[in-house]
Every structure is written in C-alpha cells, then in structure tokens.
1. For region B:253-298, give me the residue count where each residue is in contact with a helix residue (DSSP H, G or I) (Cβ under 6 Å, 6 or more places away or on another chain), closer than 22 Å to B:VAL219 by Cα and not β-branched (Val, Ile, Thr).
2. Would you say B:VAL188 is aliphatic (A, V, I, L, M), within 14 Å of another protein chain (Cβ to nearest Cβ) and buried (at least 17 other Cβ atoms within 10 Å of the Cβ)?
3. Within region B:281-291, can one find any residue that is more than 14 Å from chain A (Cβ to nearest Cβ), among the small types (Gly, Ala, Ser) and over 14 Å from the mean Cα position of the chain (by Cα)?
4. Just to be sure before I move on: is A:PRO14 buried (at least 16 other Cβ atoms within 10 Å of the Cβ), touching a Cys at 6+ places or on another chain (Cβ under 9 Å), within 14 Å of another protein chain (Cβ to nearest Cβ) and under 18 Å from A:GLY74 (Cβ atoms) in the structure I sent?
5. Surrounded by 14 or more Cβ atoms within 10 Å (Cβ to Cβ) and either in a strand (DSSP E or B) or on the phi > 0 side of the Ramachandran plot (or both): does that describe B:GLN33?
6. I'd like to know if region B:249-256 contains one or more residues that are at the interface with another protein chain (Cβ under 9 Å from one of its Cβ atoms), surrounded by fewer than 24 Cβ atoms within 10 Å (Cβ to Cβ) and at pLDDT 95 or above.
7. Which residues, taken from region A:187-199, are buried (at least 21 other Cβ atoms within 10 Å of the Cβ) and either within 14 Å of chain B (Cβ to nearest Cβ) or modelled with pLDDT under 95 (or both)?
8. Residues to consider are A:LEU202, A:LEU180, A:LEU210, A:LEU214; find the one that is within 14 Å of another protein chain (Cβ to nearest Cβ) and crowded, with 17+ Cβ neighbours inside 10 Å.
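The values are calculated or read from the model by the stated rules, or taken from the named source; none is laboratory data. Given the structure is predicted, the values throughout are model-derived calculations rather than measurements. Cβ coordinates were reconstructed from backbone atoms using ideal geometry, including for glycine residues, and neighbour counts include every protein chain displayed.
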Amino acid sequence: MTQTPPLPLTLALPKGRLFDLVQKHFAGKGFVFDFNDRKLTTLDSTGTLQIILVKNADLPTYVHHGIAGLGLCGDDVLYESGYEFPRLLSFDFGQTRMALAARKDHSRPPGFTSGPLAGSSHMTIATKFTRFTRDYFHGLGVPVKIIRLDGSVELAPVLGLAPYIVDLVETGSTLKANGLEVLETLGEIGVNLFANAAYYKLRYQEIGALVDTLRK
Amino acid sequence: MNSASHLYKLPQGTERLMLEDAFRRQELVRRVQNLFTRWGYQPVQTPVFDFYDLYAPLLGRQAESVYRLVDREGDLLMLRSDITLFLARSLGVALQSGHAPLRVCYSDTILRHQDLEDIAANEFFQIGAEFLGASGPEGDLEMLLLLEEVLTTLGLPQARIHLGSRGVFDAAFGALDAGAQAAALEAVLLRRWDELPGPQALRDLFGFIGTATEARAQVGRLQGLSPATRAQAELVIELASRLEALGFGERFRVDFSEAGRQSYYTGLVFRVYQPGLGDALAAGGRYDKLLARFGLDSPSVGFSFHLGKVETLVDLGKLDSPATAPGATGATLEQRFHKAREARQAGRNMTL
C-alpha cells in the first residue's frame, strides 16, 4: 500500500478586504507568499501551502468540492454559501458585525422599539446577505421581503428602494455619510480557517501541524 | 418555461451516461458484483417507489431531498432515495425472526434532489452489501474486510476507512434531550469542539484520529470518560486491532467523529475517504434496530458505495469496448454474419 505523497496543502484565500490581513498574519507565522503577475495560485515560502486566490463568494464552493482542501473567510460568506465545514481556527483579525440599519428619520415598525422584533408585521430589507437575513428574521417570527443587491446597499433606504438594510458594519462611517444608523447588531462576524471534511480526514496530521503553527 | 428550454435542462437528481461512460460503469459494477458473489452475497432488487409514510420517520435531513408523488389511489409515494431503507422494508416483511444469517448485495439507481450535506450529492447509483442476522464484531469485521477488498479490486490503495461508532456517541450524549443530542451530533460531525457539551475528555476522544495502537493509548490517557463511553470506544479499537493483525493496519483508522448522520445506526459506523474526492465515497455501519421498524427483529450491518465518485479515478486497464469493435468483411450480410459469429465465438467483438 502506498503512502499519500507529501503534496502541499491547498488553501483558498479570498480576494478583497481580508487578503492583506491574512497575508500579513501568515507571514508573521513564517508562511510568506505573494501573488505576482496576476497569477491566482502560488506556493508559500516553506512549500507547505499551495494557495489559490478566489472571489469571496466562490471560496466555499471550491472547498466544498475539495478543489481547495482548506479555506479561510468570514462567517458571512460561509453562511451565505449554505455549506458547513469543520472549523479549525478562529483568527483575531478582520472581525466585523452584521447589522440592521435604516435612515435616521425612518419610522420603526410596531413592536420594534421595545427590543425583540417579534412584534413587527412585515419588513422590507435590501441586502447582499439574503440567507442570513431570511433565517435571522424568520427565527424571530418576523416575515421579511428581501430585495437582493450586490453592492452599495446603503443607497436602498436613501433612494427609497427599501426602508431597511442588512449589511456588514465595521466603523459605521459609510452609514453615517448616507444619513443611516444601526438599529441593531444581528451577529458578530469572525474569520475562520476551515477544511473540507474528507480532505481533513486524509491529511489530518499535516493540517494539525499547520493549525498549531498558526495558533502560536 | 417552454419545451425547448426543458430540452437542454437536466432535472435535479438525474444523470445520463452514454456509450463509453456507460460501458465503464457497467464494467465497474460487474467487477464489484463478481466480488460479492465470491463472498457469497446474493443479489436483491428493491422497488423504484414505495409508500412514503413507511420511511418518513427514518429520513432525518434526507426528507427534504426525496422525490414524492401521489398514486392513483391518492397514497403518497417516494422514489427510492436510499437502497438501505428500501431493502430493510422488503426484507423486514419477507423474512421471519430467527432466520439464518443472510448475505445480500444490490446495485441500482437512486433518485433524490441533490443535497449539500449528503454523501450522495451528485450521486445516482448505489452498490452495496448487507449482512442480516449478524450480531457482534464478527459481522462487523466481515463487512469491513469485504469493503477493503472492494477498494483493492478497484485499485484504490490510498483510500482510507475511518472507523467510528454511534455507540460511543450514544454512551456519551444519550442522556441529553433530543435537541441537545442533535446539536452535539452536529458538533461531532463538523468537529466543532467549542460547541460540544461535557468534559474536555470527550473533545479529546471525538477529535482523535489514528491507528488502533494510538487509539488505545489515547483512550487510556483520558480522564473523566464514563465507563460506558470507554467500553464502546474499546469495541471500535478492538475491531481496528483485529484488522491490523490481519495485515490491514494502513487501510483503517480509528476516528470517533464518525458517529453517522442517519438516526438508524446503532453501533459501528464507517466512511471511506479517497484523495482527490471532496466527499466520502462509501459509508456504512451497524443498524440493529432498523429492520424491527418493518417487523423483523434482526441485527444488520452493511455498506453502500457511491461508484460514480470513483469512476474517473479507477484504472480498469484496457477494456474490450464495443466502440472499437471492427466490422466484419464480406460482400453480403450472410457472409459478414458468418465471419462475425466466428469472431464472437473466439471471444472478440465484431459488428455486422
């Protein structure tokens, strides 16, 4: 019986807001990498990781199909994908929160001011995070009409498309600049390293060693 | 949607295999079936659909993915989505309690909506074996040795069989209410140790993967396991030790996070992992109470293989495909027929 050849572990990283933070964090642990000449795959300096760079929302798909054995992204992206993976490590960078926001002068739905949203009869919400929004409000027993948008969600209340939005909020400055305010934080969003379950089972020793190094 | 757009769209949960691909599938199935025959397993066939209410309590998360239809009498039916269940109902009714041990095998299509979490996502063909009336570790061992030989026959030396047990999980979390048990099972299956209730020893137990020897050492070290949990874990380790002693140590790993998603598992649970596949390619275990749901008190152990997943990975060697059959020579059909008959009698393919 032959041994699994010592190939590098495959890791999918997201383009966008997290990439620079991840690159710096990994370099601090000895895994230096860069993507030059518009390449989308690279090997890290130790030869441990074959890294592929993919669009945020596509990342869970690559891991689910085992194309990348490991993935790293925010909880928001994972939740929207609907896939569930073994979580290996939570990072202390890139945290943000999912929030419900509206115009400062909006009229609140009945029951909403007194805490839980259960008294609301119906809300129209514009968001990129349709799955999260639906599950969150249905969990509270609030019917929601969701309008899916892919960017500049803050415009929706300003232009009258929907009175509410659900979006990621870091500093809140974009909301403020558009005359919006956070009504409620719906969830804290962390950044995690996770694995395709079958891939983990086959490479658990190497993955365990990687996680130990990243955790130190 | 008009019929032209349906013409090019594939309904969820269906596949079509043509020509060379279909021939390869047929060859794979034939080789595995031959192996089952050599081990004394008799073929069984299950119906394409059956009454939904018989299976509804057993489906768990699979309930969302089965196809249902209404027959002419107004009864709700479901299409065959899992041969293990359909087989349990067929044999549960046909056999009498106290029957002699019975070895059966099957290979057939299954129909279900693709499910993200399901081992059978994108999978439409199941081949498997079951040993009915087989209680105790020897039945478990027979099934695992048969599965090992299937993997060897298919030329998959890197595939690994992970051995776990629903018994370990039940001993550790059986006292919790149904909701908390379901949450603990999710935490174990997804290796989310921060969400697992109970002492640290349980996290160290369910998080462990390794050889029989390593498992014995690990379980020996852990403080705070209940005697029942420890005893169940030792049953799995004992199986792995016996497989190791038979020379299959590399093929098998003890992995207590294999607790089985289906509620019908009662003891041993196992899954097979193969490099290059994003999901397990075979799964099985012991379900001693499943047949009782259909009127037969008989312990049972079995596995099911998702052959489509390995079709591209298996080296079948040079196949004598009908696609390359030469044409017979001859001016008339009669002459060509005689030529071709001679060729076929000599074991060669030939078209008229």
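1. Result for region B:253-298: 6.
2. Numbers: aliphatic (A, V, I, L, M): yes; within 14 Å of another protein chain (Cβ to nearest Cβ): yes; buried (at least 17 other Cβ atoms within 10 Å of the Cβ): yes.
Judged against the criteria, B:VAL188 is a match.
3. Narrowing region B:281-291 to residues more than 14 Å from chain A (Cβ to nearest Cβ): B:284-291.
Now restrict to residues that are among the small types (Gly, Ala, Ser): B:284-285.
Subset that is over 14 Å from the mean Cα position of the chain (by Cα): none.
Within region B:281-291, none of the residues are more than 14 Å from chain A (Cβ to nearest Cβ), among the small types (Gly, Ala, Ser) and over 14 Å from the mean Cα position of the chain (by Cα).
4. Details: buried (at least 16 other Cβ atoms within 10 Å of the Cβ): yes; touching a Cys at 6+ places or on another chain (Cβ under 9 Å): yes; within 14 Å of another protein chain (Cβ to nearest Cβ): no; under 18 Å from A:GLY74 (Cβ atoms): yes.
Spelling it out, it is not the case that A:PRO14 is buried (at least 16 other Cβ atoms within 10 Å of the Cβ), touching a Cys at 6+ places or on another chain (Cβ under 9 Å), within 14 Å of another protein chain (Cβ to nearest Cβ) and under 18 Å from A:GLY74 (Cβ atoms).
5. Working: surrounded by 14 or more Cβ atoms within 10 Å (Cβ to Cβ): yes; either in a strand (DSSP E or B) or on the phi > 0 side of the Ramachandran plot (or both): no.
Criteria not met by B:GLN33.
6. If we filter region B:249-256 for residues that are at the interface with another protein chain (Cβ under 9 Å from one of its Cβ atoms), which is where we start, we get B:250-251, B:253, B:255.
Within this subset, residues satisfying the condition of being surrounded by fewer than 24 Cβ atoms within 10 Å (Cβ to Cβ) are B:250-251.
Narrowing further to those that are at pLDDT 95 or above: B:250-251.
Among the residues of region B:249-256, at least one is at the interface with another protein chain (Cβ under 9 Å from one of its Cβ atoms), surrounded by fewer than 24 Cβ atoms within 10 Å (Cβ to Cβ) and at pLDDT 95 or above, which makes the answer yes.
7. First, the residues of region A:187-199 that are buried (at least 21 other Cβ atoms within 10 Å of the Cβ): A:189, A:191, A:193-199.
Selection gives A:LEU193, A:PHE194, A:ALA195, A:ASN196, A:ALA197, A:ALA198, A:TYR199.
8. Details: A:LEU180 fails: within 14 Å of another protein chain (Cβ to nearest Cβ); A:LEU210 fails: within 14 Å of another protein chain (Cβ to nearest Cβ); A:LEU214 fails: within 14 Å of another protein chain (Cβ to nearest Cβ).
On inspection, the qualifying residue turns out to be A:LEU202.
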